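The values are calculated or read from the model by the stated rules, or taken from the named source; none is laboratory data. These numbers were taken from a predicted model, which means no experiment stands behind them. Counting neighbours? That spans all protein chains shown, and the Cβs are built from the backbone with ideal geometry, glycine included.
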Amino acid sequence: MKGSRASKQLADLQEKRNGLLRQIQNWREVQLVYTPHVASLLSQVQVPETDMHLATVPPETLPENIPLHLPSSLPTSIRTLPELREVGQLERRLREPHADDALAEVRRQRRIIQGLWQFKRLNVSGTGNKPNTRMIGLYRRFDDKTKRAAEKYRVAWRALRVLDPDGPWSSRLKELKDVDISGPGKDPNDTSTSNSRYEPSWIWLVPRATEPGSTEAGMGEEEFNDSMRVEWANARARMSRWQEELLIVQEEMRRVIAYHMWKAAWWRERSSLRSGGDSTILSGLSGYAHKQAAVCSRMAEQCALHWLPHLESRGSTPSWAVDLDSLRSRAQCYAAAQGEDEDITLDGIEGYEHGLDFDSPEDDTESEIGGDEDDYFDFDDWQ
């Protein structure tokens, strides 16, 4: 069976090559009428006979390898002749739709491939080697079709670059590289970028060219929406999620500041809760409570001073920022008094010169007090 099948394939290939060779010979007759300047070039091309078995001829003389000598492939000295200008424009008008059709075929094959990978991930993965091997073979066939369509586009693009390098087509059609053949959407195996920084390939952003005044002048955007509907929905969902995350971050900022302000008020309440006992101890407890209240207030001011200008510079001032204007003003005044240029720290609070240190030895506190302890921890000084 394998031998007969291979023989049939060779016979079909031979038949197709003979048909192509006959078409090339018919084209030569017409070509010499409209572009007689290529006669000198045709004399250098070896064309096999129609009845010759093409399997025995050299590869460079096979029908698929015979140059057609279209205007874009002619030498510059011949292509720039005035009598060949109209023929060159005809090829340009032919090549541009060829490029559009080839690019549309590349996009179609890419959509099929993405669908195959999605189907494989949901239905085939983990079911055994045979289904996976079959899917890989199917993927390779569609990938070969994509490469052939990409090569057709590259041939048309190179011809356009020769015939009309600065034409209107140059703003739409670009050089197609291997990295451009991707999408729609971010490939699952692509780890070079995240979804937030992913940029679709330019092949998905090219509208179809239409003649001026045509009724299909607005079809480019519709075709773009049809091919990118899923990608657009995913991008819109990501944008909505990022907007929600922005609101969440702003709410977290508000809660942090509100917590520090609440904690400062909580410490002030604790300063007078204990009654009775030694006045020295009461003064010490009150002083410690007010000290912690000052720490919390300073942390709230620091958060307001660093966060609010950052949000305002990006045009996303939250509604609760109005209630914190007085807090930010106090922080700015404190920064100006300390000469810190909007760099609020806790260094101005006694006992916190080197940051928050809740485990500082009591001996240091006692050595700093000195003199009359009752005067140092006098509750009236904190009012």
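Looking at the range 266-274, is at least one residue in contact with a helix residue (DSSP H, G or I) (Cβ under 8 Å, 6 or more places away or on another chain), surrounded by 14 or more Cβ atoms within 10 Å (Cβ to Cβ), among the polar types (S, T, N, Q) and at pLDDT 90 or above? Taking every residue of the range 266-274 in turn, none turns out to be in contact with a helix residue (DSSP H, G or I) (Cβ under 8 Å, 6 or more places away or on another chain), surrounded by 14 or more Cβ atoms within 10 Å (Cβ to Cβ), among the polar types (S, T, N, Q) and at pLDDT 90 or above.
Of everything in the range 177-186 that is touching a residue at least 12 places away in the same chain (Cβ under 8 Å) and not in a helix (DSSP H, G or I), the residue that is nearest to Asp101 (Cα to Cα) is Ile181.
Among the residues in the range 226-233, are any assigned to a helix (DSSP H, G or I), under 30 Å from Arg92 (Cβ atoms), of a type in the set (Ser, Thr, Tyr) and modelled with pLDDT under 80?
Keep residues of the range 226-233 that are assigned to a helix (DSSP H, G or I), which gives 226-227, 229-233.
Checking which are under 30 Å from Arg92 (Cβ atoms) leaves us with 226-227.
The next check asks that each one be of a type in the set (Ser, Thr, Tyr); those that pass are 227.
Adding the requirement that they be modelled with pLDDT under 80 leaves 227.
Yes, some residue in the range 226-233 is assigned to a helix (DSSP H, G or I), under 30 Å from Arg92 (Cβ atoms), of a type in the set (Ser, Thr, Tyr) and modelled with pLDDT under 80.
Identify the residue in the range 275-310 that is within 28 Å of Leu247 (Cβ to Cβ) and of a type in the set (A, V, I, L, M) and, among all such residues, is modelled with the highest pLDDT. Checked the range 275-310; the qualifying residue modelled with the highest pLDDT is Met299.
Quickly run through the range 276-305 and pick out the residues that are free of Cβ contacts under 8 Å to residues at least 60 places away in the same chain and farther than 26 Å from Arg254 by Cβ. Talk me through it step by step, then tell me what you get.
Going through the range 276-305, the residues free of Cβ contacts under 8 Å to residues at least 60 places away in the same chain turn out to be 276-278, 281, 285, 288-289, 292-294, 296-305.
Matches in the range 276-305: Gly276, Gly277, Asp278, Ile281, Leu285, Tyr288.
Of the helices (runs of 4 or more DSSP H) that lie entirely inside the range 1-100, those containing 2 or more residues that are under 27 Å from Tyr153 (Cβ atoms) and modelled with pLDDT of 80 or more span 2-34, 76-79. Among the candidates Arg238, Arg254, Arg229, the residue that is charged (D, E, K, R) and without any contact (Cβ under 8 Å) to a residue 40 or more places away in the chain is uniquely Arg229.
State whether one or more residues within the range 161-176 are touching a residue at least 60 places away in the same chain (Cβ under 8 Å), surrounded by fewer than 17 Cβ atoms within 10 Å (Cβ to Cβ) and of a type in the set (Gly, Ala, Ser).
So the first thing to find is which residues in the range 161-176 are touching a residue at least 60 places away in the same chain (Cβ under 8 Å), and the list is 162-164, 167, 169, 173, 176.
This time we only want the ones that are surrounded by fewer than 17 Cβ atoms within 10 Å (Cβ to Cβ), so: 167.
Right, trim to of a type in the set (Gly, Ala, Ser) and you get 167.
Yes: one or more hits.
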